[in-house]
Every structure is written in structure tokens, then in C-alpha cells.
1. With springs connecting C-alpha atoms under 10 Å apart, model the chain as a Gaussian network and identify which of Thr168, Thr230, Thr111 has the largest mean-square fluctuation.
2. Just list whichever of Lys144/Lys181; Lys51/Lys186; Lys12/Lys185 have alpha carbons separated by over 21 Å in the model shown.
3. Ranked highest first by average number of other Cβ atoms within 10 Å, how do 221-228, 32-39 line up?
4. Working with all protein chains in place, sort Phe81, Phe110 by solvent-accessible area computed with a 1.4 Å probe, largest first.
5. Determine, for each peptide in 138-144, 233-239, the mean count of other beta carbons within 10 angstrom over its residues, then list the peptides with the highest first.
6. Between region 24-44 and region 97-119, what is the C-alpha centre distance in whole Å?
7. Angle between the Cα long axis of helix 199-215 and the longest principal axis of the chain, 0 to 90 degrees, nearest 10?
8. Suppose only helical runs count, i.e. DSSP H with n ≥ 4. What mean residue ellipticity at 222 nm does that imply for the chain under -39500 (n - 2.57) per run, divided by all residues and rounded to the nearest 500 deg cm²/dmol?
Amino acid sequence: MSDNSNPLEGAKHVTVIGAGAMGSQIAMVSALAGYTTALVDIAEEYVERAKSQLESRMNRDVEKGRRSQEDVAAAFDRLTFTTDRDGSAAQTDFVIEAAVEDLGIKRELFTELDQICPPHAILATNSSNIVSSRVADATERPDKVCNFHFFNPALVMECVEVVPNEHTSAETVETAVALAKSFGKKPVKLKQETPGFVANRLLGALRTEALKLYEEGIADFEDIDVAAKTALRHPMGPFELMDLVGVDVVYLIRMAEYEQTGNPESLPRPAIKELYEAGRFGRKSGQGWYSYD
Ligand code: 3HC
């Protein structure tokens, strides 16, 4: 970080808001990359759960020889698990919001963060579907707001989409791209906003076809997964992937997209709605398309 041309110069402190599956792994990625990082949530139990899950994950990486014990210990020294959002935000250089996909909550959060964070801080959202222009106007710094979108599991998946809104400055984009690279990720820079960005639009097309095949009774979902894995060499089938990402997340993404496009094609498919209403959210709830111990 000593190179004068590096837009990250001076940026040392990252705050991640939301200790769910995405937020917690993003915070770990940041701490492993050398940043002083705070993982913030509204309740102690959420941050404690994230901490114990990350500890197990890191222990496994050490056991398997993927990381050294020293690197992991140093990362945990840099990582704070806290409910003190404002204390952390007041000293941060870069915020990554990974809270629930609810526009009202995000807007409120961005307004408050704007008031608390130092003027130079970038306020990014990990949202996959709520484009940043919808939260940027809740702040006095729309030039420093963008989407910074990771993929699940964030510790493993290399892609990070950097998506500017029409007010985002070139410097903000440059800083976000540099941060993603310093995280060891492969940034994909979009030129403009679109709901779903690049990867989820690609994935959405496959998922919709998979759901139609299932709903039309053409094949069992397990067999559709087998086809995706063995014919297309995808690491997971679309139904397994929905369980990993969360059926609730898939449902809320489609609802948010519908709100933005008004196109009935954007609405969640009936099979998703049924699972969502039954509380079958996937791995996190023990049941989704598949059952988990
Ligand atoms: N968290 C962290 N690391 C994980 C993990 C998790 N949840 N699951 C697996 N891993 C890592 C571990 O290191 C694991 O090794 P270990 O079991 O020895 O600890 C290693 O990956 C291999 O895992 P598995 O043997 O269980 O299975 P795979 O070889 O199939 O790998 C996978 C797992 C990396 C998740 C792989 O199946 C994969 O790439 N799946 C596709 C994931 C994908 O498409 N993600 C994008 C989803 S869309 C999204 O996130 C967008 C958002 O907006 C909704």
C-alpha cells in the first residue's frame, strides 16, 4: 500500500455489515488480506455464530494445509465481531453492506452510515439485485456508493462484481477494483447498472429453465442437477445451488427484480414460492430442495 498510484493508499479499515453467510465470509476474506476488519450485526448471538463458523472453517483450512496457523491467527487478530456499528463505522475506510435484501432497511442504513463514516469512506453494498442508485440518494455522497458483489461461498468464489451507479466516481470504481484484487479476487467491472448484474443474469436463465423443466414434470429436480453437473460440468446443479445460496435469497432477489422491472417474468417461479412459504430455505434451515442433517 506504499505505491502512490494505489487508490487504496491509506485504506486500512473495512467494515462489513451483516454477519450472515455472505457477510461473515467477506469479513474473513478482508482480514486474511491484511485489513483491520469489523463484522457487525444487530445481535450478539449473530456475530458469535459467525465467529464460531469461521473458526471451524479456518481450522479445517489449517488442517488441510491450505493456510498456515500463523496467517489465520493474524487474521483473527485483525477481525472484530461486534454489535457496535457506529464505533466501527466512525473509523472505517470502506463499508461492505451485506444485510437483508430489503430496500427500506438498506436506505435507512446508508443514511445513517453516511452520517457516521469519515467523508472519504466508500459505502458499498454486496446486494446482488438492489442496484446502488437506489441507496445512493439516501446519502450525501452518491459518488462514493457502488455495488461490490461477492458470490457464495465468498471465501472460495473468486468473482467480485463492481457496479457503478450513474453518480459513482471513477476513483470509487478504481478503489473498489483495487480492493477486490487485494482480496485475491477477480473483479468484474460493469459499465452500468442492471438488476442481477452479469453473473446472476446468466445464472437466472439456467435456473428458470431448470425450474420450468421441473414444474412441467419433464424430469425430477435431482436428475436435472445430474444433467447440469455431468453434461455441462457445473460444480453444482441449479437446485443444489439454490439450497446453498438460500431459497429465501432466490425468492427475495426475484421479488426485488420484479419491483424494479415490473415484468411478471421476473416474479419467483411457483415452485420457489411454495418452498419459500413453507420455510424450506435450503442448507440454512435443514430443508430446501434436499434435506440436510
Ligand atoms: N464455505 C467456505 N468454503 C467452502 C464451503 C463453504 N460453504 N463449501 C465448500 N467449501 C470449500 C472447502 O474448502 C471445501 O473443502 P473441505 O470440505 O475439505 O473443507 C472445498 O470448498 C470443496 O468442497 P466440497 O468438497 O464440499 O465440494 P465442491 O468440490 O463441490 O466445492 C463449492 C464446493 C466450492 C461450493 C463448489 O461446489 C462450487 O463452486 N459450487 C458452485 C457455487 C456457485 O455457483 N456459487 C455462486 C452462487 S450465486 C451467488 O452467490 C450470487 C448471490 O447473489 C446469490
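1. Residue with maximal mean-square fluctuation among Thr168, Thr230, Thr111: Thr230.
2. Result: Lys51/Lys186 exceed 21 Å.
3. 32-39, 221-228
4. Details: Phe81 35, Phe110 0 Å².
Per-residue accessible area, sorted high to low, gives Phe81, Phe110.
5. Going by the mean number of other Cβ atoms within 10 Å, highest first, we get 138-144, 233-239.
6. 17
7. On a 0 to 90 degree scale, this one is about 20.
8. -14500 deg cm²/dmol
The values are calculated or read from the model by the stated rules, or taken from the named source; none is laboratory data. Quick caveat, the model's predicted, so the values are computed rather than measured. When we count neighbours, we look across all protein chains shown, and the Cβ atoms used for this are built from the backbone with ideal geometry, even at glycine. Areas reflect the complete protein model, heavy atoms only, side chains present, ligands, DNA and RNA absent. Shrake-Rupley method; radii C 1.70, N 1.55, O 1.52, S 1.80 Å.
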